[in-house]
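*Asks:* Below is the structure I would like to discuss, written out as structure tokens.
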Amino acid sequence: MLRSKNAADWGNVSEMNKEFLVYLVIVCVKILLVFGVVQLMVISMIWLERKIMAHMQVRLGPMRVGPHGLLQPIADGIKLLFKEDIIPEKASKLLFVLAPAMAMVPAMLTFAVIPFGDAVKILGYKVDLVITDVNIGFLYIFGVSSLGIYGIVMAGWASNNKYSLLGGIRSSAQMISYELTLGLSLIGVVMMTESLSLVDVVNAQAKLWNIILQPIGFFIYFTSAIAEVNRCPFDLPEAESELVAGYHTEYSSMKFAMFFMAEYANMITVSAIAVTFFLGGWQGPFLPPVVWFLLKLSGCLFFFIWIRSTFPRLRYDQLMHFGWKFLLPLSLFNILITGLVIVIKG
Amino acid sequence: MLAYLFYIVAAITVTTAVYLIFEKNPVFGALYLIQTMVSLAVLYILLEAQFVAAVQIIVYAGAIMVLFLFVIMLLNLDIGEETKNALPYQRIPAILMGIALFTIICIVIRSKLLQGKQDQYTTAFVQGVGNTKLIGNLLFTEYLLPFEITSILLFVAAIGAIMLAKRKL
């Protein structure tokens, strides 16, 4: 009797274990897949940026390694791996080594809440194409991305070099200023969706993309996003004509490459958020959702490259004035208007 | 499992807080404080207060500590410089005040003054409505007055700081 009861229990436990195991496997596969795809996109972005910029400036860009220089990122990667890794004598060693990782990790973490497709059925199990759908997804994004500053600031300080320090300080001031407008620009969308979950935000855009309802919000978001990831024309922290290379002046070899990858990963992250909040996420006719998501993402990334090769760099005081005296009031105005419209419509 | 997680995170929180106090280098001190803030956020999540956890990270770890680091880096550029004891008479009053503050905190915690909402706000109810929505609703209805007073207080502090720092506007 006792034995049979035990056996039944064991049956239940193994049933539960099996479900848990399947869940675990699915989550791990999703994490690995997203991680791999983002890394792959980072590598292809580096090639694409060089190619697109070159063609915009009537050049050819990398041509020697592989067809149309397609293998150039791999050659660059191998070169960086074999370069001598220099740590300055008077640097703060621990932070100097830690800083590139601190820049890289937050950029990757944000992808945990971004939905990249509709739920699909694989072998009878329903799989949501988002790593995790938390009900504070919006806040999670800003929590994680606000930690991304530390990598750059620590790199600037730990190098014990005045140009690095200036770059680090510039970047922290810039990121604090623009993070504010970055968050406020998305509030309008959250007000309309009435949810902080990114899955709900995407589902609410089935008929109409938010970019049509929130054009000012999109404009503010994209401008602040460029400043947030330190891209031209807001790349003051690494302005080579003033600061050598800014916060990564002292870095070489793979640590330098990690800063480089972090910048591109950040760019992909903010583009993915733009797609999710304003461009309808994975929604779209005919093509499968994941393809739509990647298409829109590529569009946003192309826009980043386009802007970089078009605009000259701003001066530092212009950057601060633009953020605090133009974008911030505009984003508050946008929230006010959105609130008014919601109240009037009932 | 959750209990073990609590002990691990609590140990990290206390350890980093102690390191913060005994660290000579202010930059490392600030980094320990950031770790304390982040572990506190994990503790909030263990208490099912996701909204508070997110705000803790955004406001404290993401904004205030960046400004701290910013100021420390601007003022204290030399690594490993021994800081002189600028306030020699501070030690005994500081210990006394510390004990007083600790006693007050203990009394307040024991006094059930800070019990918050209970009866209808069970865990299931909070999870059903959602943490953020519930806090928003309470903040803008029942606790509107304290909320507004706090915001005015912060506003006054900000204006005060600007007035002190910038005499000519």
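*Asks:* Full extension from residue B:112 to residue B:153: what is 0.36 nm times the residue separation minus their Cα-Cα distance, to one decimal in nm?
*Replies:* The span from residue B:112 to residue B:153 would gain 12.2 nm if fully extended.
*Asks:* Counting only protein heavy atoms and a 1.4 Å probe, tell me what percentage of the protein assembly as shown's accessible area is made up of carbon and sulfur.
*Replies:* Carbon and sulfur: 72 percent of the exposed surface of the protein assembly as shown.
*Asks:* Compute for chains B and A the buried accessible surface, both sides summed, probe 1.4 Å, and express it in Å² to the nearest 100.
*Replies:* So the buried area, both faces added, is about 2000 Å².
*Asks:* Summing -39500 (n - 2.57) over the DSSP H runs of n ≥ 4 in the protein assembly as shown and dividing by its residue number, what mean residue ellipticity at 222 nm do you reach, to the nearest 500 deg cm²/dmol?
*Replies:* Counting only the DSSP helices, I get -22500 deg cm²/dmol.
*Asks:* Can you tell me the orientation of helix A:253-278 relative to chain A, as the angle in degrees between its alpha-carbon axis and the longest Cα principal axis, to the nearest 10?
*Replies:* Helix A:253-278 sits roughly 60 degrees off the main axis of chain A.
*Asks:* Ignore the peptide's own chain and count Cβ atoms of other chains within 10 Å of each Cβ in B:66-74; give me the average, rounded.
*Replies:* Mean shielding by partner chains, rounded to a whole number: 4.
*Asks:* Okay, next question. Using a 1.4 Å probe on protein heavy atoms, which residues of segment A:151-188 have at least 50 Å² less accessible area in the complex than alone?
*Replies:* Listed by number, the residues meeting the 50 Å² cut-off are A:157, A:169, A:176.
*Asks:* Go through B:58-64, A:185-191 and give me the packing order, highest mean Cβ count within 10 Å leading.
*Replies:* The peptides rank, most packed first, as A:185-191, B:58-64.
*Asks:* In degrees, nearest 10, range 0 to 90: what is the angle between the Cα axis of helix A:2-56 and the longest Cα principal axis of chain A?
*Replies:* In chain A, helix A:2-56 runs at an angle near 30 degrees to the longest axis.
*Asks:* Calculate, for the protein assembly as shown, the solvent-accessible area per residue in square angstrom, rolling a 1.4 angstrom probe over the heavy atoms of the protein chains.
*Replies:* In whole numbers, the protein assembly as shown has 59 Å² accessible per residue.
*Asks:* Where a ≥ b ≥ c are the square roots of the eigenvalues of the C-alpha gyration tensor, would you call segment A:111-195 rounded, which needs a/c under 1.5, or, failing that, prolate if a/b is larger than b/c, or oblate?
*Replies:* oblate
*Asks:* Checking the a/c ratio against 1.5 first, then a/b against b/c, what shape does the Cα gyration tensor give for chain B?
*Replies:* Prolate shape, in that a/c is at least 1.5 and a/b is the bigger ratio.
*Asks:* How many partner chain Cβ atoms sit within 10 Å of a residue's Cβ in peptide A:135-147, on average, as a whole number?
*Replies:* Partner Cβ neighbours, averaged per residue: 6.
*Asks:* Give me a comma-separated list of calculated 3J(HN,Hα) values for segment A:334-346, in order, Karplus coefficients 6.51, -1.76, 1.60 applied at θ = phi - 60°, integers in Hz, x for any Gly or Pro.
*Replies:* 4, 4, 4, 4, 4, x, 4, 4, 4, 5, 5, 5, x
*Asks:* So, one more: Relative to the longest principal axis of the C-alpha atoms of chain A, give the angle of the C-alpha long axis of helix A:72-82, reported between 0 and 90° and rounded to the nearest 10°.
*Replies:* Compared with the principal axis, the helix lies near 80 degrees.
*Asks:* Let me ask something additional. Would you pull out the residues with amide H under 5 Å of residue A:235's amide H, same chain only if 5 or more places away, H placed 1.01 Å from N?
*Replies:* Amide H neighbours of residue A:235, under 5 Å, 5+ apart: A:314.
*Asks:* Moving on. Going by average Cβ neighbours within 10 Å, how do the peptides B:95-106, A:272-283 rank, with the highest at the top?
*Replies:* In descending order of packing, they fall as A:272-283, B:95-106.
*Asks:* For segment B:127-169, go through all pairs of different Cα atoms, get the mean of 1/r, take its inverse, and jot down that Kirkwood value in Å.
*Replies:* Hydrodynamic radius (Kirkwood, Cα pairs) of segment B:127-169 is 12.5 Å.
*Asks:* Looking at the calculated P(r) for segment B:1-78, what percent of the C-alpha pair distances fall above 22 Å?
*Replies:* Value for segment B:1-78 (Cα pairs over 22 Å): 29 percent.
*Asks:* Please compute, for peptide B:45-55, the average count of beta-carbon atoms on other protein chains lying within 10 Å of each residue's beta-carbon.
*Replies:* Shielding by partners across B:45-55 averages 3.
*Asks:* Between their Cα atoms, which of A:30/A:296; A:18/A:126; A:51/A:162 are more than 23 Å away from each other?
*Replies:* A:51/A:162
*Asks:* So, one more: Rounded, prolate or oblate: which one fits chain A, using the alpha carbon gyration tensor with axes a ≥ b ≥ c (rounded when a/c is under 1.5, else prolate when a/b beats b/c, else oblate)?
*Replies:* The shape class here is oblate.
*Asks:* Kindly rank A:60-72, A:96-108, A:322-334 from highest to lowest mean number of other beta carbons found within 10 Å of each residue.
*Replies:* A:96-108, A:322-334, A:60-72
The values are calculated or read from the model by the stated rules, or taken from the named source; none is laboratory data. This is a predicted model, so every value here is computed, not measured. Cβ: placed from backbone, ideal geometry, glycine included. Neighbour counts: every protein chain shown. Heavy atoms of the whole protein, side chains included, go into the accessibility calculation; ligands, DNA and RNA do not. Shrake-Rupley method; radii C 1.70, N 1.55, O 1.52, S 1.80 Å.
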